[in-house]
Amino acid sequence: MPFEFRLPDLGEGIEEAELLAWNVTPGDTVAAFQPLCQVESAKAAVELTAPVAGRIRELCVAPGGTARRGELLVVIDTDNGNAADGEWFGIVGRAATAPAPVVPAAPSGSEPRPVRAAPFVRKLARERGIRLEDIAGSGPQGRIRLADVEATATPVVSDAERVPLRGLRREIAQHMLSAVRNAPQVTSMDLLDATELVRAAVEALRVVPEANAIVEDDAIVLQRTYNIGIATAVPGGLIVPVVKHAEMLSLLEIAREIERVVTAARERRVAPAELADGTFTITSFGGLAGSPMFATPILNYPQAAILGIGRIDLQPRVVDGQVVARQCVGISFTFDHRVMDGEGAGRFMTAFKQFVEQPLALLLNLR
């Protein structure tokens with residue numbers, strides 16, 4: 001009866017592989033565990049072996065073609081369809097359910113028994129310097145499983161502390177992974193004199209409205225209000241309280257609101273509503289001695305941009321034709337490349353720099 005062998009789970013989240021070459025042709029007779037083909041994924045090239053004995057009826061993927069996990073590779077005509085180790089290969093559509101018999105270990109002095117193991121089991125054994133011939137497999141027909149290799153390996157003694165990833169730290173981790181996975185991110189950097197940063201950011205957002213956007217259901221949503229998130233370190237991680245409608249506040253009002261929401265966040269009494277609806281985020285990584293002047297902050301997804309404020313330090317600047325020491329701050333602007341390009345990022349950086357270094361231009365834009 002026909003047995004359908006499909007591309008198995010190759011591990012490490014691999015979803016597809018290229019078929020490099022077939023070792024068999026239609027009409028060939030194969031034995032269980034005989035090499036069938038070589039496939040190559042983004043991680044490595046591996047050899048797939050026949051899970052059953054029989055005659056090759058059909059090859060379903062041509063050399064050079066790509067197959068996804070679970071896609072049909074080859075049809076094998078077999079007497080009973082028994083798979084050598086169906087659950088190990090992740091086979092879909094197995095023709096028989098009877099388990100294969102366990103072959104006892106070869107007696108002393110006899111011919112060496114065949115080593116039956118999946119490619120990634122062989123790879124692990126090689127990495128750990130373990131001879132598969134020395135392992136008694138616990139799988140059907142003496143097949144060596146991953147657990148057999150793990151049990152044979154010499155345990156590694158470590159004094160490392162394992163801290164569970166949970167609570168706020170887990171939420172941060174999941175959010176950062178989502179941000180990196182969903183948004184192609186680019187960071188632009190510059191050095192400038194520092195003054196009132198939040199209000200300057202609001203005015204720069206007015207100049208470049210695509211920086212004050214979110215990505216939602218395959219659409220870029222340009223926000224008409226300016227809700228500025230202030231990334232705040234708290235015990236166990238980082239949260240982002242939001243200064244709502246910053247465009248309607250004076251410099252003094254912005255300073256008071258930042259102090260209020262940041263203090264509430266650090267004391268863990270910030271209201272959920274004060275963490276929601278942000279349209280743009282500012283994060284500071286330059287407040288401690290030895291901290292960097294530049295970094296590559298990760299987007300607060302689904303927001304389209306984030307501004308990082310680095311260390312403020314004395315730097316040489318040319319003022320009225322003379323080189324003088326000025327207090328300068330490094331800024332890093334990460335943006336979603338789906339929403340804006342380098343030209344838009346450049347316009348934002350130029351506007352932000354103007355409002356920070358020329359306070360009069362900023363004051364002229366106040367309400």
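The values are calculated or read from the model by the stated rules, or taken from the named source; none is laboratory data. Just so we're clear, the structure is a prediction, and the values are computed from it rather than from any experiment. Heads up, the Cβs are rebuilt from the backbone with ideal geometry, glycines too, and the neighbour counts pull from every protein chain shown. Note: accessible area is taken over every heavy atom of the protein model, side chains too, but ligands, DNA and RNA are not part of it. Shrake-Rupley method; radii C 1.70, N 1.55, O 1.52, S 1.80 Å.
From the protein chains alone at 1.4 Å, what is the descending order of accessible area for ASP336, ASP28, ASP134, largest first?
Order by accessible area, largest first: ASP134, ASP28, ASP336.
If you plug each phi of segment 296-313 into the Karplus form 6.51 cos²θ - 1.76 cosθ + 1.60 with θ = phi - 60°, what whole-Hz ³J(HN,Hα) values come out, in order, with x for Gly and Pro?
10, x, 8, 4, 8, 4, x, 4, 8, 7, 8, 10, x, 10, x, 5, 8, 8
How would PHE5, PHE33 line up by accessible area, probe 1.4 Å, largest first?
On the way: PHE5 0, PHE33 30 Å².
Most to least solvent-accessible, the answer reads PHE33, PHE5.
Where Lys and Arg each count +1 and Asp and Glu each count -1, what net charge lies around VAL186 among other residues with Cβ under 11 Å from its Cβ?
-1
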